[in-house]
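What follows is a single structure, written as structure tokens, with notes after it.
Each reported figure results from applying straightforward, stated rules to the coordinates on display, with no laboratory input. Keep in mind it's a predicted model, so treat the numbers as computed, not measured. Note: ideal-geometry Cβ built from the backbone for every residue, glycine included; neighbour counts use all protein chains shown.
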Amino acid sequence: MNRTQCLLASAPWRGSNPRPRGAQSVYAVLCLGAALLLPALAAAQESKTDKWILGFTKDQKQMLVKMNDINTGLSLRVYDVETGLPAAKSKLIEYSRGEEVETIKAAKKRLKIVDEAQESMKNVDETIAFFAVEKADNLVIAATDYKRLGKVMAVPLKVDPETKVKAQARLRTIVWSSDRKTMVLVVNQKLVGDFLHEKDYFHLVTPDKRKIQWIEQDKPKEDKPKEEKKEDKGWWPF
């Protein structure tokens, strides 16, 4: 039943025949039910989960993650650093906003989260900065040492199975262990359609600048005749 039908049902009866007994009450109940149910169904179709890394275990194999889900609320869970997925046998720890400080403190102690997470878009000596660029079907994680550009990795974009529309992705932040030996990318991917689907994903990266695929811009040859120079189509290869 749509809005127009609800309005007609609740309007005064003007027909030549009497309104069927109880009809107005039935329509009113149906309208109220629709008004309550439709927003709930719409909310159930939408999903948005923000995630924050709160710290690592001593061996840096697991991390404690805080989540805020628009459908289920606040929670904590242990994730595997290597896979970026919930750890086997890990349980969801749900809590209310007023319990956050005490819940996180207790969880860190019980789960032995001893390495505080640090957020930074640069390496430890700030000689390399990281950023991301959408290219074709991937979000390319790139780096610069302020002289060159380089590729770190490519994160495939999520695709809506029905519409085949690709997600909008961005590098939300980078989280490091205190010794800078563990580097985890937090990539946000958002599918926009009839309903919103947005989620953060974790990707482990080896923080070694020797593993970055560095490129350098080709320098034009001065001895080459000007008319023979090819058109510059750019030098971003990723």
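Descriptive notes on the structure:
- For segment 47-117, a simple Cβ point-charge model (Lys and Arg +1, Asp and Glu -1, everything else neutral) yields a dipole of about 220 debye relative to the Cα centre.
- From the Kirkwood radius over Cα pairs of segment 60-179, Stokes-Einstein at 4 °C and 1.567 mPa s returns a whole-number translational diffusion coefficient of 76 µm²/s.
- Global geometry of segment 114-158, whether rounded, prolate or oblate, following the gyration tensor of its Cα atoms and the 1.5 cut on a/c: oblate
- Ranked by the mean number of other Cβ atoms within 10 Å of their residues, highest first, the peptides 90-98, 146-154 come out as 146-154, 90-98.
- Restricting segment 101-146 to GluC sites (Glu not before Pro) in coil, as DSSP defines it, with at most 11 other Cβ within 10 Å: Glu126
- When you count the other C-beta atoms within 10 angstrom of each residue and take the mean per peptide, 156-165, 170-179 line up highest first as 170-179, 156-165.
- Count Lys and Arg as plus one, Asp and Glu as minus one, and take only other residues whose Cβ is under 12 Å from that of Glu46; the net charge is then 0.
- Pairwise centroid distance, computed over Cα atoms, of segment 49-99 with segment 123-174, Å: 23
- P(r) for segment 119-215, from all Cα pairs and a bin width of 10 Å, is 15, 46, 27, 11, 1 %, short bins first.
- Cα-based radius of gyration of segment 82-150 once divided by 2.2 N^0.38 Å, which approximates compact folds: 1.65
- Note that segment 60-111 shows a convex hull volume over its alpha carbon atoms of 77 Å³ per residue.
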